[in-house]
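Here is the structure we will look at.
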């Protein structure tokens, strides 16, 4: 069987991290979202909101981190690797804020392709803001739209995960993969 690198995407507060945690608990190989790491590292260096203050630098750091995750995933002994957000997420967020980015961002999306993309729809009932998630629910819906458009522009068929319990969402994802 060929290695499958599967990405779980969605706007903020849709349950991505919870699903990744559930997959890890079931013994699956998963890579976490790295934007919080980048944000926390910037805070240590005195930049309170790197994405807001220096969006291109933030995006470049994310892009490098996600490329590294992709490379590491290809080397995993596991047949399936799940990743919380993929490289095109970086471009979707740049589109969302209306900023331009270098051609290397587009090249990275074309050179690193994923097996399947699962997208989690906006879900107001579970949406929570926190110190690293500054978007409100309306902004989260706009980000979802940018994610959908960006991934589809790179030729991905997005598989929408129904709003349900974490366990049922994981079962849905695993069932889709086994098809």
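A few notes on this one:
- Residues of segment 97-141 satisfying the condition of being buried (at least 16 other Cβ atoms within 10 Å of the Cβ) and at pLDDT 95 or above: 105, 108, 109, 112, 114, 116, 117, 118, 119, 120
- Residue 154 being touching a helix residue (DSSP H, G or I) at 6+ places or on another chain (Cβ under 9 Å) and either more than 22 Å from residue 32 (Cα to Cα) or modelled with pLDDT of 95 or more (or both): yes
- Residues of segment 54-73 satisfying the condition of being out of contact with any strand residue (DSSP E or B) (no Cβ under 7 Å at 6 or more places or on another chain) and either over 18 Å from residue 92 (Cα atoms) or assigned to a loop (DSSP other than H, G, I, E, B) (or both): 54, 68, 71, 72
- Restricting 57, 52 to those that are closer than 27 Å to residue 123 by Cβ, modelled with pLDDT under 95 and surrounded by fewer than 18 Cβ atoms within 10 Å (Cβ to Cβ) reduces the list to 52.
- Residue tally, condition assigned to a helix (DSSP H, G or I), in contact with a helix residue (DSSP H, G or I) (Cβ under 9 Å, 6 or more places away or on another chain) and exposed (fewer than 14 other Cβ atoms within 10 Å of the Cβ), over segment 157-174: 2
- Neighbours by Cβ (under 6 Å, 6+ apart or cross-chain): first from segment 28-48, at negative phi and modelled with pLDDT under 85; second surrounded by 12 or more Cβ atoms within 10 Å (Cβ to Cβ) and not in a helix (DSSP H, G or I): 36/132; 39/132
- Residue list for segment 6-22, filter: crowded, with 21+ Cβ neighbours inside 10 Å and not in a loop (DSSP other than H, G, I, E, B): 6, 7, 8, 9, 10, 16, 19, 20
The values are calculated or read from the model by the stated rules, or taken from the named source; none is laboratory data. This structure is a prediction, so every number in the text was calculated from the model and none was measured. Using ideal geometry, Cβ is built from the backbone for each residue, glycine included, and neighbour counts are taken over all protein chains shown.
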